[in-house]
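Undergrad: Right, I'll just put the structure down here and ask away after.
We did not get these values from a lab; they are worked out from the coordinates using the rules stated. In this text the structure is predicted, and so the values were computed from the model without any measurement.
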Amino acid sequence: MFDLQVVVDTVTTFVRENQTFAPAIVFALAFGESLAVISLFIPATVLLLAIGALVEASGLGLFSVWLAATIGAVLGDAVSYWLGLHYKERAKTLWPLNKSPELVARAEGLFARFGIWAVAIGRFFGPIRAIVPLIAGILDMRHIHFQIANISSAAVWAFVMLAPGALALKMLQ
């Protein structure tokens, strides 16, 4: 049985004991969290919040960890976008999208309503976070528009994921 608390404890303990690996771990978490399908299996949100507190406690510096999270999120979304461009409508027939047509419909509805801003908005909404870039590719969104929304929203998202833990610890001290 999958125990989220065990995963969180294991990763945060590893980061605490191996601080030099913090940016690499945060990169991997953000990449996985932003990658279509894989994101369903990674509890990155909880881990990034916890690592934000560890960063503050260890004096590691938020900038390098934030940059790693930003780059990981940008690359994860870029791969998902490319998969959508490559597979087009076939992507919707693959697992797990074929088991969750409502998520695909929500992501498509986001594009119908907000256009390019759907990429930025979608990054902040749990289950559709990693599906939105895939749908952007399927819908053949212009690459430059996708990347503008991808990079800018990844920077904000990374800060939102890491800063609360760091700020909470600072307020407790």
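Undergrad: With everything on Cα atoms, drop me the angle between helix 143-172 and the longest principal axis of the chain, reported from 0 to 90° to the nearest 10.
TA: Long axis of 143-172 versus the principal axis of the chain: about 30 degrees.
Undergrad: OK, next. For Ser64 and Phe159, compute 0.36 nm times the residue count separating them, minus their Cα-Cα distance, and round to one decimal in nm. Provide the component values of the computation, followed by the final result.
TA: Values: separation 95, 0.36 × 95 = 34.20 nm, distance 1.14 nm.
Gain in length upon complete extension: 33.1 nm.
Undergrad: Could you give me the percent of Cα pairs per 5 Å distance bin for segment 4-172, shortest bin first, beginning at zero and ending with the bin that holds the maximum distance?
TA: Final binned percentages: 2, 10, 19, 21, 17, 13, 9, 7, 3, 0, 0.
Undergrad: Express in nm, to one decimal, how much length is gained between Thr20 and Lys88 on full extension, taking 0.36 nm for each residue of separation and deducting their alpha carbon distance.
TA: 20.5 nm
Undergrad: Could you derive backbone 3J(HN,Hα) for segment 82-91 from the dihedral phi with the Karplus parameters 6.51, -1.76 and 1.60 (θ = phi - 60°), listing whole Hz in sequence and x where the residue is Gly or Pro?
TA: With the stated coefficients, segment 82-91 comes to 4, 4, x, 4, 6, 8, 6, 4, 4, 4 Hz.
Undergrad: Taking the Cα atoms only, what angle lies between the long axis of helix 44-58 and the longest principal axis of the chain, rounded to 10 degrees?
TA: Once rounded, the angle reads 30 degrees.
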